[in-house]
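Laboratory data are not the source of any read-out in this text; all were calculated from the coordinates shown. Just so we're clear, the structure is a prediction, and the values are computed from it rather than from any experiment. Neighbour counts are summed over all protein chains in view; Cβ atoms, including those assigned to glycine, are modelled from backbone coordinates with ideal geometry.
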Amino acid sequence: MVLAGLGPVPAQASPPAVLQSLAASADLAANVLQPPDAVRAGTARTVQTTANLNLRSTPSASGKKLATMPKGTRLSVSATKSGWSQVRYAGKTGWASSTYLRKVAKAIRAGELGKTTARPTLRQKPNTTSKALATVPKSGIYTVKEISGGYARITSRSKTGWIQGKYLSIVAKKPGREIYIDQKYTSNRAGLTDRYWTKVSGGDLYESVNGKKRIGDIPRNSVVYRDGKMEKTAGSVKGWIFVRTQGMSGWMKTSQLARTSTAPTAPGKYSAKQVRAQKNGKIPERMLVAIAWDKEKTLIAAPALKDLNRLNAAFKKKFGHNLDIDLAYRTRATQDEYWEELGPYVAARPGTSNHGWGTAIDVPETYGYSFRGKYYKWLKANSKKYNWVHRKILEEGSPYAEAWHFEYTGR
Ligand SMILES: [Zn+2]
């Protein structure tokens, strides 16, 4: 039954029920109002028939009928012409009325990048009843590790679990785009070997190459690690590299980076009191020194170095290797971004963190440094002899629990 020539019908996704029941197939033609999500000219995508629909030899209701495609048939549109879409069905290429074709969102697949369109619940298993682990932020970009029954396995803020795949829109490759690193925040270096130091004061870390948002203010002689894998995922841009630094990630200009550190490694003449009198996160470069025995030459407040060297010597005597340092000094711009990303239980309120004076260190979040680990236990018992303390509020069981954060208490 041919329905063409009935004139305009109201905008809706499928034909009126009465017509649908009369029609073995529908192919209302060119001049009808199209539903908002109908296929439009210039698009090429996957669609689904919203009614039993005729496949015709020409983009016209008078074209020869080649086949009838059942409602719900998935098709790929190769061309469009005045309200008609060219599709291939049952070995035949022909035309179908675009009015009865609805765009189908392509389901995300493993290995693709997805952006959250809502705040889905991260669950332990790919179903609605398993344990809820966290709420995933909206607009975060995640790599889909696996798909199972409409669920996607992702890692969000160190937690791996499943969210409903329908909450992820596929992120197309766009060189230099914003990338959300869905891995641990404080370990910058896992699997990364290409190391640089910033050679300018206040190196700029950007959210994306084209975007305007500056998310970090990296002091001179800070280490950054290039993440080539993420660059490849996003699409690389000449003159820029994607780095992880200071627990953050973003894009930096290669012109701001060098292969070596030029920071002094002698404590210098400043007192801790002088350093603490500076604006948090904005202490002058001359008050910062590099930790010589640390492979990343991490920057720390000059007056805290002597005692840290003593602490490290004792640590090394006990365990046969140097203390591992993840982070020490952190600038204000970076703290602000951290606060926004992680919130009060993980990040200190900007302007209050001892990292902002270079008088705190973070050791890694590895087992040895965890509450049950041998390094933590030793540090907890011994570090105070060297004017470095792990505060009570950070102990296991506290909502602020952090095994890795130690502060300098010297003057
Ligand atoms: Zn810390």
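Tabulated values for the structure
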| quantity | calculated |
| --- | --- |
| Those lysines that a straight Cα-Cα span of less than 22 Å connects to Lys106, excepting residues fewer than 8 apart in one chain | Lys71, Lys115, Lys138, Lys145, Lys166, Lys173, Lys174 |
| Space enclosed by the convex hull of the alpha-carbon atoms of region 113-170, per residue, Å³ | 64 |
| Computed lengthening from Asp194 to Lys131, 0.36 nm per intervening residue step minus Cα-Cα distance | 18.8 nm |
| Quotient of C-alpha Rg and 2.2 N^0.38 Å, computed over region 195-258 | 0.97 |
| Residue-span extension gain [Lys392 to Ser62] - 0.36 nm each, minus C-alpha spacing | 110.6 nm |
| Length gained when the stretch Lys282-Lys306 is fully extended (0.36 nm per residue, less Cα-Cα span) | 6.5 nm |
| Residue-count net charge about Ala118 - beta-carbon cut-off 10 Å; Lys, Arg +1, Asp, Glu -1 | +3 |
| Ala266/Ala107 FRET efficiency (R0 56 Å; Cβ-Cβ; nearest 0.05) | 0.40 |
| Phi-based couplings in Hz for region 400-406 (Karplus 6.51, -1.76, 1.60; Gly and Pro marked x) | 9, 3, 8, 6, 8, 9, 10 |
| Ala401-Tyr367 pseudo-label distance in nm [points 7 Å out on the Cα-to-Cβ vector] | 1.8 |
| Formal net charge of residues neighbouring Lys138 (Cβ-Cβ distance under 12 Å; K, R +1; D, E -1) | +2 |
| Under the Karplus curve 6.51 cos²θ - 1.76 cosθ + 1.60, θ = phi - 60°, whole-Hz ³J(HN,Hα) for region 288-301, x wherever Gly or Pro sits | 10, 10, 8, 7, 4, 7, 8, 5, 9, 6, 4, 7, 9, 4 |
